[in-house]
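Take a look at the structure below.
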Amino acid sequence: MARGRIQNLRSNPEFNGKLCTVTGRMENGRHVVNLEDGSTLKVKPANLELFREDDQGQQVETVDPPRAGDIEPSIGMFLPTMTPKPVSYTHLTLPTKRIV
């Protein structure tokens with residue numbers, strides 16, 4: 001389970017800065033988190049600062065999930081990777097009669 005901190009909530013600002021444990025993810029993209037006081041919230045990824053932990057469970061650094069504006073769209077994101085096949089022209093013949 002991942003650990004994190006709730007941030008930038010407008011509707012319930014009293015939860016901002018609270019530490020939590022991520023217990024799941026809903027189909028709509030929100031994370032289900034348990035707070036240290038035992039309460040459960042469903043928050044958007046933008047409102048959750050995730051922590052990366054080392055082997056002993058100590059917080060090392062924060063990991064920000066990518067947001068829509070962070071990714072620069074390119075045409076390669078939408079096209080499959082294609083490898084061109086070699087083409088052989090040995091089956092073609094040149095005309096033997098000269099056309100004038």
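The values are calculated or read from the model by the stated rules, or taken from the named source; none is laboratory data. The shown structure was predicted, so the numbers you read here are calculated from the model rather than taken from an experiment. Note that each Cβ is placed from the backbone with ideal geometry, even for glycine, and that neighbours are counted across all protein chains shown. Only protein heavy atoms, including side chains, enter the accessible area calculation; ligands, DNA and RNA are left aside. Shrake-Rupley method; radii C 1.70, N 1.55, O 1.52, S 1.80 Å.
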Probe radius 1.4 Å, ligands and nucleic acids left out: which of H31, H91 has the largest accessible area, and how do the rest follow? H91, H31
Solvent-accessible area of S88, probe 1.4 Å, all protein chains present, reported in Å² to the nearest ten, please. 60 Å²
Starting from the Cα of K97, step 7 Å along the direction of its Cβ; do the same at N28; then give the gap between the two resulting points in nm. 7.6 nm
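Taking a 1.4 Å probe, which of R5, R52 shows the most accessible area, and what order do the others take after it? Don't skip to the answer; put the middle values down first.
Numbers: R5 75, R52 120 Å².
Correct descending sequence by accessible area is R52, R5.
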